[in-house]
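Below is one structure; the comments refer to it alone.
The values are calculated or read from the model by the stated rules, or taken from the named source; none is laboratory data. Predicted model only: the values in this text are computed from it and were never measured. For neighbour counting, all protein chains shown are included, and Cβ atoms are generated from backbone atoms with ideal geometry for every residue, glycine included.
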2 protein chains.
Amino acid sequence: MDVEALLFDVFGTVVDWRTSITSQMEVFGAENGYEADWAAFADRWRALYQPAMEQVRAEGRGWVILDTLHGENLDKAWAEFGFPPLEAGARDHLVRAWHRLDPWPDAVAGLTRLKTKYIIAPVSNGNIALITNMAKRAGLPWDVVLGAEVARAYKPMPEAYLRSAAAIGRAPGQCMMVAAHNDDLHAAKAQGLKTAFVPRPLEMGPGGGADTEPTGDWDLVADSFETLADQLGIA
Amino acid sequence: MDVEALLFDVFGTVVDWRTSITSQMEVFGAENGYEADWAAFADRWRALYQPAMEQVRAEGRGWVILDTLHGENLDKAWAEFGFPPLEAGARDHLVRAWHRLDPWPDAVAGLTRLKTKYIIAPVSNGNIALITNMAKRAGLPWDVVLGAEVARAYKPMPEAYLRSAAAIGRAPGQCMMVAAHNDDLHAAKAQGLKTAFVPRPLEMGPGGGADTEPTGDWDLVADSFETLADQLGIA
């Protein structure tokens, strides 16, 4: 394979958003006197993610960054859970919980190995500030931040993949999309990218619901970034 | 100071473009039978840089990346030196000479120290692919690639600074522009950024011509990135 760059989905693939959001909400609730099933809150907040992006992708809403959508979705989920409106500082703190997600245990070590041979870049729907703050806190050693804000298009729109590849001066076939989600890989493959499926069985929690089996003919399937590095021949 | 991010000019400040372009042209000339004063060629190629960007900044030309301008300027300088047109592969190889510039001796070590405390990002007129390839080859440890292509504006336009700061979610005053060029710092300061002047006396060659003295009241003046790290209290 003529691959020069590995492009990574982030939420779920690199970081464990559900555990991180749940634990940050638990701390916030305890410190501020709110009680709820915070894992259920995290799930509800995340469930509003795709519909919000669909407003931008297909319903004529102008471009807005994911922080903005996370804020609007927080307001909705917060009200659904029966709480009064958040004051601005608390709301901003919680929106930025998505900047403070913890990586899966193999992520930093695996990315560090993969970086020795490939350009490694997030191609996430997260905005540049979110991805940069997350990387700085978690030690994710990206070469360059690509994705929705650079492409001005949310995945799985073709432009999100094509403009990310073009931004680093690579043909789609010189890029490999790495994701825990089959739908992301189907969309990337349709634009000519190579594909690697790294399932994260616990992404949606202990009750299941994550993609565990490949639904496409992906170029690689690995159970961690370390295994992916092995498969790509990196010592 | 409330600085969270250091934003770097690249050509001249981080990398020694003149020595690198000259030596690559010498190799190309020797391998392909062209003779010239290649340092003079490098100077001429670089002299066409500001006028070409001015077409985009002020003369109504639509957005194009710097690789495109570098190619057009190469064609002009090459013809001025009396050579016949380059074939496409050679032209592309030479355009990408700007992706293969060597850093000043203190740059990698200094950036590595500065990264321990700050977000470090290029805010260059170079396009994302150029800056990414350069960083990968030279070991420049950027946290995120900002600059002209992300901002869709060439320095010293205000948007180049303001949109770079906004992209990482920082106010202008939380960012410090680091440059070897007074004009870059004047433009950054006018938008509210902090400023650090790191003169590179040999940027224009042994005959002088580089900025050696501050022409503004910059927050910091340092003779290298290592000294800058010292001044910022980094061990």
_Looking at segment A:73-86 only, could you name the residues that are part of a helix (DSSP H, G or I) and either at positive phi or in contact (Cβ under 8 Å) with a residue 24 or more places away in the chain (or both)?_
A:ASN73, A:LEU74, A:LYS76, A:ALA77, A:GLU80
*Would you pick out the residues in segment B:203-215 that are surrounded by 15 or more Cβ atoms within 10 Å (Cβ to Cβ) and in contact with a helix residue (DSSP H, G or I) (Cβ under 8 Å, 6 or more places away or on another chain)?*
B:GLU203, B:MET204, B:GLY205, B:ASP211
*Quick one: which helices (runs of 4 or more DSSP H) sit completely within segment B:1-71 and have at least 1 residues that are buried (at least 17 other Cβ atoms within 10 Å of the Cβ), touching a strand residue (DSSP E or B) at 6+ places or on another chain (Cβ under 8 Å) and at pLDDT 95 or above?*
B:17-32
_Single unsatisfied condition, B:ALA160 versus (1) surrounded by 24 or more Cβ atoms within 10 Å (Cβ to Cβ); (2) without any contact (Cβ under 8 Å) to a residue 24 or more places away in the chain_ = (2)
*Is there a residue in segment A:151-160 that is in a loop (DSSP other than H, G, I, E, B) and within 14 Å of another protein chain (Cβ to nearest Cβ)?*
yes
*Return a yes/no flag: does segment B:125-134 have any residue that is surrounded by 24 or more Cβ atoms within 10 Å (Cβ to Cβ), closer than 28 Å to A:ALA171 by Cβ and in contact with a Pro (Cβ under 8 Å, 6 or more places away or on another chain).*
yes
*Within segment B:173-190, can you find the residues that are touching a helix residue (DSSP H, G or I) at 6+ places or on another chain (Cβ under 6 Å) and away from every other protein chain (no Cβ under 14 Å)?*
B:MET177, B:ALA179, B:ALA188
*Hey, among the residues in segment A:99-111 that are assigned to a helix (DSSP H, G or I) and not small (Gly, Ala, Ser), which one's nearest to the other protein chains (Cβ to nearest Cβ)?*
A:HIS99
*Which one of the conditions (1) touching a Phe, Trp or Tyr at 6+ places or on another chain (Cβ under 7 Å); (2) more than 8 Å from every other protein chain (Cβ to nearest Cβ); (3) free of Cβ contacts under 8 Å to residues at least 40 places away in the same chain; (4) of a type in the set (Gly, Ala, Ser) does B:ALA135 fail to meet, given that it meets all the rest?*
(2)
*Is it true that B:GLY173 is farther than 22 Å from B:GLU4 by Cβ and small (Gly, Ala, Ser)?*
no
*Of the residues that sit in segment B:112-132 and are in a helix (DSSP H, G or I) and within 14 Å of chain A (Cβ to nearest Cβ), which one is farthest from A:PRO122 (Cα to Cα)?*
B:LEU114
